[in-house]
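Please read the structure below before turning to the comments.
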Amino acid sequence: MLQIDVKSFASDALEDAMRLAQTKAMNSYSWSDCLNYLNYSWSDLYNRIAMIDDGYYSNTVRLTKKLTHLPPFVKNTIKVYAAQDPIGFNRDVFRSSGMSDMCSRSTYHLSGFDLYCPDAESRNVWLNYVPMAPMLFFTRNNRDPKLYEQDVEVIQNNDYDLYRLVRVPEELSELEPVYTSLELQHKNAALGETFNLLEVIDRSEDDWDITYISCDFPYIFVTYRHRYTEKYLSGFYSNVIDDAFFNEYNPFAFTGRDSNVEYLQCKWNDKTGLGVIIRDHNDYDNKESRFRVKELGWTPDTSLEYPCPEMFRYLVARLADKFAAFNESSVMAVSAELVEAKYAFEAFCKRDKSSWQRIDNVNGPGIGDFL
């Protein structure tokens, strides 16, 4: 039997929601509106599923000081407990203290971002928390890209805020572009600051060569080409000097195939969502005998297959309800799907169906229990 792994993306959720809301044209809403609606609904579902089963998104860290200032990415705390280790040991779950017992054993007090736990310096105390919902993105116009009848000029920018990208060699062969050095040099020559960019973005050990690199602060857009398969991998790095992270650009992954695109021009724009011109090596024009050149949005398309299909279904229904309200219309299919999707989400997102729900006992046995 043929098994197909069908993945759902953020652009799929928007398209399904617009179809459910009977939107006549996919460009009826601006990119910023769609991005806001998508993330508002996603954040609500993320927070709700954290209440249903916190194990999907929660993290555990150790508290080492009596007073801990929680960073902004901590959305909500779940449990504060003492244990030799979070795995394989019984837990002494702490209770929230009042103003008159803040220094009592097995207690914690949370006010704003300040978490006070007097046992943190004398015992192994752990904090289980839910981080903020990660932001979702979708690639604008990945369903109906703007096509160019002729090839466009390849533009690579070297300006990176206070730094300038220096390439060695300066002139490269179009057939074998190999960079022996890529450095970010500070524009103030007196400082003499340089940063070896190849240490961060080099993938030559995995047989990927850099064919395109362009700076648009705070991002650096890069295209790699595999030496043997000749496939292209594009994406952008953010904050390369302090903490570089590669964001893969996958505008056509919703088709079920890997996006095999090559950057030609790159600029980011948070308002319109547009900014990149690419050559799609999966779309060959037999009439023109070349791969098609397309203009798209610069943001990637986020995969939404985790944690369960019910969450994606409910997200589509919530988005469709917003789009219908935005058009001041009442669609019966939207109302019916919203009720059904909400029931499925609330009933089946929790994995544990094999036990009764229990309340955590935060009050240990006292002397009266032993007597």
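So which residues in region 239-279 are assigned to a strand (DSSP E or B), within 17 Å of I155 (Cα to Cα) and not aromatic (F, W, Y)?
V261, E262, L264, Q265, C266, L274, G275, V276, I277, I278, R279
This table checks each residue for (1) in the same structural domain as V261 (by TED's automatic domain parsing); (2) in contact with a Leu (Cβ under 8 Å, 6 or more places away or on another chain); (3) not in a helix (DSSP H, G or I).
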{"residue": "E305", "(1), (2), (3)": "no, no, yes"}
{"residue": "F312", "(1), (2), (3)": "no, yes, no"}
{"residue": "D321", "(1), (2), (3)": "no, yes, no"}
{"residue": "A324", "(1), (2), (3)": "no, no, no"}
{"residue": "V334", "(1), (2), (3)": "no, yes, no"}
{"residue": "A341", "(1), (2), (3)": "no, no, no"}
{"residue": "D352", "(1), (2), (3)": "no, no, yes"}
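Could you grab me the full set of residues in region 124-142 that are surrounded by 16 or more Cβ atoms within 10 Å (Cβ to Cβ) and part of a loop (DSSP other than H, G, I, E, B)?
N124, A133, L136, F137, F138, T139, R140, N141, N142
One line per residue, one yes/no per condition, for (1) charged (D, E, K, R); (2) in a strand (DSSP E or B); (3) at pLDDT below 95:
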| site | (1), (2), (3) |
| --- | --- |
| T77 | no, yes, yes |
| V80 | no, yes, no |
| I87 | no, no, yes |
| M99 | no, no, yes |
| R105 | yes, no, yes |
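Restricting attention to region 357-370, does a residue exist that is among the hydrophobic types (A, V, I, L, M, F, W, C), surrounded by 11 or more Cβ atoms within 10 Å (Cβ to Cβ) and in contact (Cβ under 8 Å) with a residue 40 or more places away in the chain?
Scanning region 357-370, I find at least one residue that is among the hydrophobic types (A, V, I, L, M, F, W, C), surrounded by 11 or more Cβ atoms within 10 Å (Cβ to Cβ) and in contact (Cβ under 8 Å) with a residue 40 or more places away in the chain, so the answer is yes.
Please go through region 217-246 and pick out each residue that is in contact with a Gly (Cβ under 8 Å, 6 or more places away or on another chain) and at pLDDT below 95.
Listed by number, the list holds a single entry, F246.
Looking only at region 280-293, decide whether some residue is among the hydrophobic types (A, V, I, L, M, F, W, C) and under 23 Å from the mean Cα position of the chain (by Cα).
Looking for residues that are among the hydrophobic types (A, V, I, L, M, F, W, C) and under 23 Å from the mean Cα position of the chain (by Cα), one finds none in region 280-293, hence no.
Please find, among L110, L147, the residue that is touching a strand residue (DSSP E or B) at 6+ places or on another chain (Cβ under 8 Å) and either of a type in the set (G, A, S) or without any contact (Cβ under 8 Å) to a residue 60 or more places away in the chain (or both).
Being touching a strand residue (DSSP E or B) at 6+ places or on another chain (Cβ under 8 Å) and either of a type in the set (G, A, S) or without any contact (Cβ under 8 Å) to a residue 60 or more places away in the chain (or both) holds for just one of L110, L147, which is L110.
Looking at R105, is it charged (D, E, K, R), closer than 29 Å to D360 by Cα, under 34 Å from the mean Cα position of the chain (by Cα) and surrounded by 13 or more Cβ atoms within 10 Å (Cβ to Cβ)?
It is false that R105 is charged (D, E, K, R), closer than 29 Å to D360 by Cα, under 34 Å from the mean Cα position of the chain (by Cα) and surrounded by 13 or more Cβ atoms within 10 Å (Cβ to Cβ).
Filter region 324-349 for residues that are farther than 23 Å from A50 by Cβ, at pLDDT 90 or above and among the β-branched types (V, I, T) and give the result.
Hit for region 324-349 is V334, nothing else.
The values are calculated or read from the model by the stated rules, or taken from the named source; none is laboratory data. Since the model is a prediction, treat every value here as computed from it, not as a measurement. Cβ sites come from the backbone with ideal geometry, for glycine too, and all protein chains shown count toward neighbours.
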